[in-house]
Amino acid sequence: MGMMYLIQYDIESKKSQKVTNYQGYEGLVSRFPNSNDILISRKKDRKTIANLYRLNTQTQSVTPFIKLKDSVVHQIFWAESLMLAIYKDDVVLIDFDGQVVEYLVKSEHNESYPAMTKDMNKLVYVSDELSKSDLYLKDIASGKVVRLTEDDYPEFAPVITHYNHVIYSGVETNTLDILERDFSGKLIKNYTTK
């Protein structure tokens, strides 16, 4: 079985410290508001759904936060007590009890890697709607969807910047690239090439 640990790195001292010692896979999801505690995901193996836990960074104690059923959390909206997630290949908002509150994208296709603007008005996600994985942008209020990429290569792991561009991993030059597009789909920059 593989293992992934959480490591805390102090920028000032330039020292790192292993925070957890879990026999499985862990990931950092988010920092709790007004606290040094962090929300982590844990799962026993690559096939199981990760559950969420609260890690106290002072004592290194871990307590259950949410037990998820068929969901993978991608983003937390603390003020609204909601999480952006993939649930059975659809993009959803779930509450802190792990229940689906709203389907943002529900289709017979496979959706993945959702990201939302902080105001929750725009959603970017990957879908195989046209039999290959491309990036899509959805305006939540109007429901309008714009296809941001059209190529033969998969895109994944999009992040929305504070200036409303999308940075993601994809292939532009026959290698894995880090790319930036605006909300119309125009390629702004390839960070991998010089």
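Listed by first and then second residue, the pairs with beta-carbon distance under 6 Å, at least 6 apart or on different chains, first residue in the stretch 18-42 and within 15 Å of Thr59 (Cα to Cα), second in a loop (DSSP other than H, G, I, E, B) and aliphatic (A, V, I, L, M), are Val19/Leu6; Thr20/Leu6.
Matching residues to (1) open to solvent by less than 20 Å² (accessible area, probe 1.4 Å); (2) among the basic types (Lys, Arg):
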| position | (1), (2) |
| --- | --- |
| Leu104 | yes, no |
| Tyr113 | no, no |
| Val124 | yes, no |
| Lys138 | no, yes |
| Gly143 | no, no |
| Glu150 | no, no |
| Thr173 | no, no |
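Tallying residues that are part of a strand (DSSP E or B) and surrounded by fewer than 14 Cβ atoms within 10 Å (Cβ to Cβ) within the stretch 177-194 yields 3. Checking Leu187, Leu135, Leu104 one by one, the residue that is farther than 21 Å from Gln75 by Cβ and hydrophobic (A, V, I, L, M, F, W, C) is Leu187 and no other.
The residues of the stretch 52-78 that are without any contact (Cβ under 8 Å) to a residue 24 or more places away in the chain and either within 13 Å of the chain's Cα centre (by Cα) or open to solvent by 30 Å² or more (accessible area, probe 1.4 Å) (or both), listed by number, are Tyr53, Arg54, Asn56, Gln58, Thr59, Ser61, Thr63, Pro64, Asp70, Val72.
I'm trying to understand the selection: among the residues of the stretch 85-102, which are open to solvent by less than 80 Å² (accessible area, probe 1.4 Å) and charged (D, E, K, R)? Even if it seems obvious, please write down each step before you answer.
Taking the stretch 85-102 as the starting set, the residues that turn out to be open to solvent by less than 80 Å² (accessible area, probe 1.4 Å) are 85-87, 89-96, 98, 100.
Hits for the stretch 85-102 are Asp89, Asp90, Asp95.
Scanning the stretch 79-120 for residues that are over 15 Å from the mean Cα position of the chain (by Cα), over 16 Å from Ser30 (Cβ atoms) and not hydrophobic (A, V, I, L, M, F, W, C) gives Lys88, Asp97, Gln99, Glu102, Tyr103, Lys106, Ser107, Glu108, His109, Asn110, Asp119.
The values are calculated or read from the model by the stated rules, or taken from the named source; none is laboratory data. Just so it is clear, the structure is predicted and the values come from calculations on it, not from any experiment. As a convention, Cβ positions derive from the backbone with ideal geometry for all residues, glycine included, and neighbour counts pool all protein chains shown. Each accessible area value is taken on the protein alone, full model and side chains, heavy atoms only, with ligands, DNA and RNA left out. Shrake-Rupley method; radii C 1.70, N 1.55, O 1.52, S 1.80 Å.
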